[in-house]
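Dropping a structure here in structure tokens format, bear with me for questions.
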Amino acid sequence: MSDKVSQSADKVLDHFTLFRQPEYKAMFEKKKAEFEYGHSDEEVARVAEWTKTEEYKEKNFAREAVVINPTKACQPIGAMFAAQGFEGTLPLVHGSQGCVAYYRTHLTRHFKEPNSAVSSSMTEDAAVFGGLNNMIDGLANAYSLYKPKMIAVLTTCMAEVIGDDLQGFIANAKTKDSVPADFPVPYAHTPAFVGSHIVGYDNMIKGVLSYFWGAAEKYDTPKNETINLIPGFDGFAVGNNRELKKIAGQFGINLQILSDVSDNFDTPMDGEYRMYDGGTKIEDVKAAVHSKATISMQEYNTPQSLQFIKEKGQEVAKFNYPMGVTATDELLVKLAELSGKAVPDSLRLERGRLVDAIADSHTHMHGKRFAVYGDPDFCIGMSRFLMELGAEPVHILSTSGSKKWEKQVQKILDGSPFGASGKAYGGKDLWHLRSLIFTDKVDYIIGNSYGKYLERDTKVPLIRLTYPIFDRHHHHRYPTWGYQGALNVLVRILDRIFEDIDANTNTVGQTDYSFDLIR
């Protein structure tokens, strides 16, 4: 590249402009010709077309030994997310430094917010001899340097493969005075090579509750009027947790969110650094064992935790990402039942406004076909709401979805005429979804940022409505639960529909007869 280049100190180009300049185009062509040894463009195009066929779809769905772009992350991410919802809590990842860097980055890219976590910094010697010394030193350093109120320990693949015993290691570390004997150090085993982020979330919630509730004097003491609520792993937690607290305030209910990340992932820029912000107070976690009931907002995120809570004599209830009119109705009815309070008029008004908005816009939603992917509970909630809008969820896919989940989704689809063409695919990935979209076209895809490659490939527009959203900003600040949340989701979908209509009708003198000012 001895020729004149496009970039200089006086003219700095962004990468997406820079790499389109002549010298870079020439460099890429030279690299392709001299080093890549690939197939011809014609052969690549031929095979690409074949992968869009029914024949290829059959081969794709027959594969067993490989997963391509799953709709899930690994267990430690979910455990770290859950831990950061408790007051002054520092997650300590028992494993290598690279692992914790990945988990932190994943959450930061979505929430656009730094999040604190440390590592026991296991290396080759720990992989051979075990990580006890790493735990002893790691707890001591974390406690001394970062002054947390609680350290929540989770594992990575390395620690799980060699079989490190967290309970024994933490006890040894306390014996060595790494932290005071009464300092809270709950833990969760979270092997990244099995399960997913929702399993890791469940493991950590259960780990925290087990730590505090295991020391409770009596479980059969009279219950108070507090209602516990576990949100589950939710990329819209900042907006949704605040919406839940608003609803509880309108009811006059004492609602205790177990793992409230809404402040920790939405700290203000006001000149004060907050290493820990908000979160469920540790004293409230201890007291939550005596609450009247516990509600899970996402059933598939909390099976172990709910079972543990139920065994402690508490009533439990579970929902599947309560999005839309009916799902919110069900949640409010349960809150009214548990609290003995009537649904307040203010929420009835919100409901009426949502129904009115749906009536205003249903003609644009009616008959639109959607592919939905993500976590099991999100897929259920999203599909139910789409059918309320008169839209058709056609392909519903979750890598974390089980056979039980598939049957549950099918029952929901069978309950509406708009679900007649729908089918649930548990244990499948986005490469499976690609085949489904090419062979049975839909109008829109609903999922996370990873779907942008599907959008580019299939030319089907993507609407980002679940975690992670890396390439758009601030969606997580707006609720998707409750009547207000449903209205936000409706607007998001409608905006994309209207944008596509405008984009397809804006050629002057040819298609602009439908380039309307009023929709």
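Step by step: first the residues of segment 90-110, then only those that are outside any helix (DSSP H, G or I) and among the aliphatic types (A, V, I, L, M), then the one that is surrounded by the fewest Cβ atoms within 10 Å (Cβ to Cβ). Which residue is that?
90
Something else now. Evaluate the following for residue 88: is it touching a Lys or Arg at 6+ places or on another chain (Cβ under 6 Å) and closer than 30 Å to residue 130 by Cβ?
The answer is yes for residue 88.
Hey, among 113, 87, which residue is under 19 Å from the mean Cα position of the chain (by Cα), surrounded by 15 or more Cβ atoms within 10 Å (Cβ to Cβ) and within 27 Å of residue 239 (Cα to Cα)?
Details: 87 fails: under 19 Å from the mean Cα position of the chain (by Cα).
Testing whether each residue is under 19 Å from the mean Cα position of the chain (by Cα), surrounded by 15 or more Cβ atoms within 10 Å (Cβ to Cβ) and within 27 Å of residue 239 (Cα to Cα) leaves just 113.
Condition check ((1) touching a residue at least 12 places away in the same chain (Cβ under 8 Å); (2) open to solvent by 10 Å² or more (accessible area, probe 1.4 Å); (3) within 30 Å of residue 427 (Cα to Cα); (4) part of a helix (DSSP H, G or I)) across all residues:
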| residue | (1), (2), (3), (4) |
| --- | --- |
| 145 | no, yes, no, yes |
| 173 | yes, no, no, yes |
| 179 | yes, no, no, no |
| 192 | yes, yes, yes, no |
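Spot the failing condition for residue 420; the list is (1) open to solvent by 10 Å² or more (accessible area, probe 1.4 Å); (2) over 18 Å from residue 61 (Cβ atoms); (3) within 23 Å of the chain's Cα centre (by Cα), and only one is missed.
(3)
Does segment 402-413 contain any residue that is in contact (Cβ under 8 Å) with a residue 60 or more places away in the chain, in contact with a Ser or Thr (Cβ under 9 Å, 6 or more places away or on another chain), closer than 23 Å to residue 74 by Cβ and in a loop (DSSP other than H, G, I, E, B)?
Within segment 402-413, not a single residue is in contact (Cβ under 8 Å) with a residue 60 or more places away in the chain, in contact with a Ser or Thr (Cβ under 9 Å, 6 or more places away or on another chain), closer than 23 Å to residue 74 by Cβ and in a loop (DSSP other than H, G, I, E, B).
Aromatic (Phe, Trp, Tyr), touching a strand residue (DSSP E or B) at 6+ places or on another chain (Cβ under 9 Å) and within 28 Å of residue 411 (Cα to Cα): does that describe residue 276?
The answer is no for residue 276.
Pick out, from segment 246-334, the strands (runs of 3 or more DSSP E) lying fully within it that include 1 or more residues that are under 29 Å from residue 145 (Cα atoms). Reasoning before the result, please.
Values: elements: 255-257, 293-296, 315-318.
Filter on segment 246-334 gives 255-257.
Which of (1) open to solvent by 20 Å² or more (accessible area, probe 1.4 Å); (2) part of a loop (DSSP other than H, G, I, E, B); (3) within 13 Å of residue 239 (Cβ to Cβ) is the odd one out, the single condition residue 506 does not satisfy?
(3)
Looking at residue 472, is it within 21 Å of residue 240 (Cβ to Cβ), in a loop (DSSP other than H, G, I, E, B), open to solvent by 40 Å² or more (accessible area, probe 1.4 Å) and not hydroxyl-bearing (Ser, Thr, Tyr)? First the steps, then the outcome.
Working: within 21 Å of residue 240 (Cβ to Cβ): yes; in a loop (DSSP other than H, G, I, E, B): yes; open to solvent by 40 Å² or more (accessible area, probe 1.4 Å): yes; not hydroxyl-bearing (Ser, Thr, Tyr): yes.
Against the criterion (within 21 Å of residue 240 (Cβ to Cβ), in a loop (DSSP other than H, G, I, E, B), open to solvent by 40 Å² or more (accessible area, probe 1.4 Å) and not hydroxyl-bearing (Ser, Thr, Tyr)), residue 472 qualifies.
With the requirement that a residue be open to solvent by 50 Å² or more (accessible area, probe 1.4 Å) and part of a helix (DSSP H, G or I), what does segment 18-27 give you?
Taking segment 18-27 first, the residues open to solvent by 50 Å² or more (accessible area, probe 1.4 Å) are 19-20, 22, 25-27.
Answer for segment 18-27, where residues must be open to solvent by 50 Å² or more (accessible area, probe 1.4 Å) and part of a helix (DSSP H, G or I): 22, 25, 26, 27.
Out of all the residues in segment 358-386, which are in contact with a Pro (Cβ under 9 Å, 6 or more places away or on another chain) and over 22 Å from residue 234 (Cβ atoms)?
369
For segment 472-514, what are the residues that are hydroxyl-bearing (Ser, Thr, Tyr) and closer than 21 Å to residue 230 by Cα?
Residues satisfying the conditions are 478, 480, 483.
The values are calculated or read from the model by the stated rules, or taken from the named source; none is laboratory data. Only a predicted model underlies this, so the values are computations on that prediction, with no experimental measurement involved. A quick note on method: Cβ atoms are made from the backbone with ideal geometry, for glycine too, and the neighbour counts reach across all protein chains shown. Heads up: the accessible areas ignore ligands, DNA and RNA and are worked out on the full protein's heavy atoms, side chains in. Shrake-Rupley method; radii C 1.70, N 1.55, O 1.52, S 1.80 Å.
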